[in-house]
Amino acid sequence: MGEEVNVVLETAEKLINNIKLVIRGKDDTIEKIVVCLLLGGHVLLEDVPGSGKTTLAKTLAASINGEFKRIQMTPDLLPADITGVNIFDLKTSEFKFVKGPVFTNILIADEINRATPKTQSGLLECMEENQVTVDGVTYKLEKPFMVIATENPVDTQGVFPLPEAQIDRFLMKLYMEYPSHDSMLEIFRTHLKKGVLESLKPAVTLTEIIRAAEIIEEVTIEDSIIEYATNLIEATRTHDSVILGVSQRGGIALLRAAKCIAALRGRNYVKPDDVKYIAGDVLAHRMILKNNIRIKKSGAKDFIADILEKTAVPTEETIG
């Protein structure tokens, strides 16, 4: 199993290094979006316009030897525009299913909060079940399949906030944030050259991604770690500042993400540090906090950090 874990590490490193050719100064965000890809999870990227959200999504898509499609989410977009529709073929006198853009490996849903709730809900089955049902017929999606949705928090006109059920489908919510001075210099130098993204070569194959995902599933996780994660989840439900805590789906997502982090650290078993490292990104967006905390951008992550500090950690003797 130790040698197989190295396959995950090599696959992730090739992807990460390829993305860094275009995206500068965002090593943490790049690693976490690669984790989501390897787990078959979905990502919500949020930050101000022009911070590189769509560029990061496109760069990840270009780094795999598969298909990617982009949808500009607008209020007039219909669910069928995403999933596909049956069209009557006059030549054959039969209905023919025309696949929508969701039939791809990576789907970029740009400014997802500009689409209506009805259209947003059209992504629910795709994201949760990896399938599409049209007129009673179910169609399986490609493997791997990943949705990268972007939204701008500063826009208030013509937007439809994502409901909790939709947000819970995203494995992580990540932020681009403003880069450091040196990183911004690198960004300007890189993107003043024409065709930087267009000239990017795929770094890994779909087979490599699928194989890495299979190996991650075999990473062991001790009962003490599962109990630790359970205590963290329960702590999000009992605090006075929380209206709605993290669901069981969120707990499972946390443990799966911790398994991937363990593999990226060269181990075939999970340690408490793996859970702590990824907890904020997996759990923060799944909670509904009271208004005095919700208005702070880092409020939910600060809350998770406080829970991590107060929750007892399993001892080393019980792990491995």
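Given a 1.4 Å probe, how much area per residue of the range 49-188 is accessible, in Å²?
On a per-residue basis, the range 49-188 sits at 50 Å².
Can you bin every Cα-Cα distance in the range 156-248 into 5 Å intervals starting at zero and give me the percent of pairs per bin, rounded to whole numbers?
Taking all Cα pairs of the range 156-248, the binned fractions are 2, 8, 8, 11, 14, 13, 16, 13, 10, 5, 1 percent.
Classify the chain as rounded, prolate or oblate from the Cα gyration tensor: take a ≥ b ≥ c as the square roots of its eigenvalues, call it rounded if a/c is under 1.5, otherwise prolate when a/b beats b/c and oblate if not. Each step should come with its number before you reach the end.
On the way: a/c = 1.37, a/b = 1.30, b/c = 1.06.
It comes out rounded by the Cα gyration axes.
When the accessible area of the chain is computed with all protein chains present and a 1.4 Å probe, what percentage of it is carbon and sulfur? Before the final figure, lay out each step's value.
Details: 8180 of 15690 Å².
After summing per-atom areas, the C and S share lands at 52 percent.
According to the square roots a ≥ b ≥ c of the eigenvalues of the Cα gyration tensor, what is the shape class of the range 1-97, taking rounded for a/c under 1.5, prolate for a/b larger than b/c otherwise, and oblate for the remainder? Walk me through the intermediate numbers first.
Values: a/c = 3.08, a/b = 1.68, b/c = 1.83.
Taking the square roots of the gyration eigenvalues as a ≥ b ≥ c, the range 1-97 is oblate.
Shape of the range 47-103 from its Cα gyration tensor (a ≥ b ≥ c, root eigenvalues): rounded if a/c is under 1.5, otherwise prolate when a/b > b/c, or oblate? Working shown, then result.
Details: a/c = 5.49, a/b = 1.99, b/c = 2.76.
Taking the square roots of the gyration eigenvalues as a ≥ b ≥ c, the range 47-103 is oblate.
What aspartates and glutamates could a cross-link reach from Lys290, if we take a straight Cα to Cα line under 15 Å and drop same-chain neighbours fewer than 8 places away?
Glu164, Asp240, Asp302
At a threshold of 8 angstrom on Cα-Cα distance, excluding pairs fewer than six apart, so keeping six or more, what relative contact order does the chain reach in percent? It would help to have the intermediate numbers written out before the result.
Numbers: 546 pairs, mean separation 73.1, N = 320.
Averaging sequence separation for qualifying contacts and normalising by length gives 23 percent for the chain.
If you take the charge dipole of the chain about its Cα centre, with +1 on Lys and Arg Cβ and -1 on Asp and Glu Cβ, which of Ser247, Gly66, His285 is farthest toward its positive end?
Gly66
Once phi is turned into θ = phi - 60°, what whole-Hz ³J(HN,Hα) does the Karplus curve with 6.51, -1.76 and 1.60 give for every residue of the range 81-89, x standing for Gly and Pro?
Going residue by residue, I get 5, 9, 7, x, 8, 7, 10, 6, 8 Hz, with x marking Gly and Pro.
Trypsin sites (Lys or Arg not before Pro), restricted to the range 199-293: which are DSSP loop and have at most 10 other Cβ atoms within 10 Å? Don't skip to the answer; put the middle values down first.
Working: sites: Arg211, Arg237, Arg249, Arg256, Lys259, Arg265, Arg267, Lys276, Arg286, Lys290; in loops: Arg265, Arg267, Lys290.
Counting only loop positions with at most 10 other Cβ atoms within 10 Å, none of the trypsin sites (Lys or Arg not before Pro) in the range 199-293 qualifies.
When the gyration tensor of the range 229-286 is built from Cα positions, what are the square roots of 5 times its three eigenvalues, in whole Å, from largest to smallest?
On the way: eigenvalues 108, 17, 15 Å².
After scaling each eigenvalue by five and taking roots: 23, 9, 9 Å.
The values are calculated or read from the model by the stated rules, or taken from the named source; none is laboratory data. Bear in mind the structure is a predicted one, so any value in this text is a computation, not a measurement. Positions of Cβ are backbone-derived with ideal geometry, glycine not excepted, and every protein chain shown enters the neighbour counts. Surface areas here come from the heavy atoms of the whole protein model, side chains and all, with no ligands, DNA or RNA. Shrake-Rupley method; radii C 1.70, N 1.55, O 1.52, S 1.80 Å.
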